[in-house]
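A short worksheet on the structure shown next.
The values are calculated or read from the model by the stated rules, or taken from the named source; none is laboratory data. Computed from a predicted model, the values in this text were never measured in an experiment. Here Cβ is always computed from backbone atoms with ideal geometry, including for glycine, and neighbour counts include all displayed protein chains.
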Amino acid sequence: MTRSIYIVGNWKMHMAAGETRAFVESLVPQVSEAKVHVWIAPPFTSIEAGAAAAKGSAVRIGAQNMSEYPKGAYTGEISSEMLKEAGADFVILGHSERRSHFHEDDQMIHRKLKWALKEQLKPILCVGETQEERDREMTRKVLERQLGEGLKDFTPDEVKQVLIAYEPVWAIGTGKTATPEIAEETHHLCRAFLEKNWGKETAEQIAILYGGSVKPGNIRDLITQPNIDGALIGGASLEVDSLRDIIKFTEEVIK
Ligand code: PGA
């Protein structure tokens, strides 16, 4: 089956509102013919500017995190409603930086995923093992726990609305990409777990993106793997030219 392809920029704590506006204005005409989904997640305070600049185009703007609560006394948190009002269509959840620096666990990520679906914000669930876990041959166990807990009790229809991003922690921001073979093997493992729990038809429909030092130079070899349906890109998504090249090279090889 042919799945849609997603190229998603995760800007982390970069790009203020003015920079975001200029970036999106420059990107939009360059990707107007794109056959892949182009999504960008700027910081919270830049979402509105990004969404305004992307209006009427195929580029979608989203968030990097979201509160699990609808509203209330949660100092410093941002709700789904606020994100939607600012123009966000999707939300990245469970990024390894959220898990390690901000102590988000699988249960919290599960609650956020449930809430995002209810609120019709498309969630991207990030999973991935650390170097130590890979060295100790715990990759499968870690991924199955993150997927199993994150998507716990979800119906096949709910699971189908989630995008998965496999991001080996050892490849994030390190310049050390997983080889296409390692990435494909791990994506296959994730899909097999989805199939075991939610059936083949569901598993076949879910986009599994790869993340971790993706750049114009390695996107072709990654995206041509059968189980890799796109990329979640940090550093290389911060320059218009580099993001545009990643999109262009993706289209060249998937055509
Ligand atoms: P990177 O980040 O592309 O800079 O490695 C990816 C991510 O953290 O989503």
Selection from region 204-245 of residues that are within 23 Å of S96 (Cα to Cα) and assigned to a helix (DSSP H, G or I):
I219, L222, I223, G235, A236, S237, L243
Tell me, please, whether a residue that is within 15 Å of the ligand (Cβ to nearest atom), in contact (Cβ under 8 Å) with a residue 40 or more places away in the chain and of a type in the set (S, T, Y) can be found in region 193-214.
yes
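Does E158 satisfy the criteria of being among the acidic types (D, E), within 23 Å of H37 (Cα to Cα) and not in a loop (DSSP other than H, G, I, E, B)?
Considered against the rule, which asks whether it is among the acidic types (D, E), within 23 Å of H37 (Cα to Cα) and not in a loop (DSSP other than H, G, I, E, B), E158 comes out as yes.
Which of the residues spanning region 155-175 are within 16 Å of the ligand (Cβ to nearest atom) and surrounded by fewer than 16 Cβ atoms within 10 Å (Cβ to Cβ)? Explain how you work it out, then say what you get.
Step one: filter region 155-175 for residues within 16 Å of the ligand (Cβ to nearest atom), giving 163-175.
Residues satisfying the conditions are G173, T174, G175.
Identify all residues within region 80-101 that are surrounded by fewer than 16 Cβ atoms within 10 Å (Cβ to Cβ), within 14 Å of the ligand (Cβ to nearest atom) and either at positive phi or in contact (Cβ under 8 Å) with a residue 12 or more places away in the chain (or both); write none if there are none. Break it down into steps so the answer makes sense when it comes.
The initial filter retains those residues of region 80-101 that are surrounded by fewer than 16 Cβ atoms within 10 Å (Cβ to Cβ), namely 81, 85, 100-101.
Now narrow it down to the ones that are within 14 Å of the ligand (Cβ to nearest atom): 100-101.
The answer is S100, and nothing else.
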Criterion (more than 19 Å from K152 (Cβ to Cβ) and acidic (D, E)) met by exactly one of E119, E129
E129
Restricting region 51-74 to residues that are in contact with an Asp or Glu (Cβ under 8 Å, 6 or more places away or on another chain) and aliphatic (A, V, I, L, M), the residue that is nearest to G87 (Cα to Cα):
I61
Quick check on E252: is it touching a helix residue (DSSP H, G or I) at 6+ places or on another chain (Cβ under 9 Å), more than 16 Å from the ligand (Cβ to nearest atom) and in a helix (DSSP H, G or I)?
yes
Looking at region 26-71, which of the residues that are touching a residue at least 60 places away in the same chain (Cβ under 8 Å) and under 17 Å from the mean Cα position of the chain (by Cα) is nearest to I254 (Cα to Cα)?
V36
Whether any residue in region 28-43 is surrounded by fewer than 16 Cβ atoms within 10 Å (Cβ to Cβ), farther than 26 Å from D229 by Cβ, at pLDDT 95 or above and of a type outside the set (F, W, Y) is what I want to check.
no
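Which of the residues that make up region 217-238 are free of Cβ contacts under 8 Å to residues at least 40 places away in the same chain and buried (at least 19 other Cβ atoms within 10 Å of the Cβ)? Write out each step before concluding.
Going residue by residue through region 217-238, those that are free of Cβ contacts under 8 Å to residues at least 40 places away in the same chain are 217, 219-220, 236.
Hits for region 217-238 are I219, A236.
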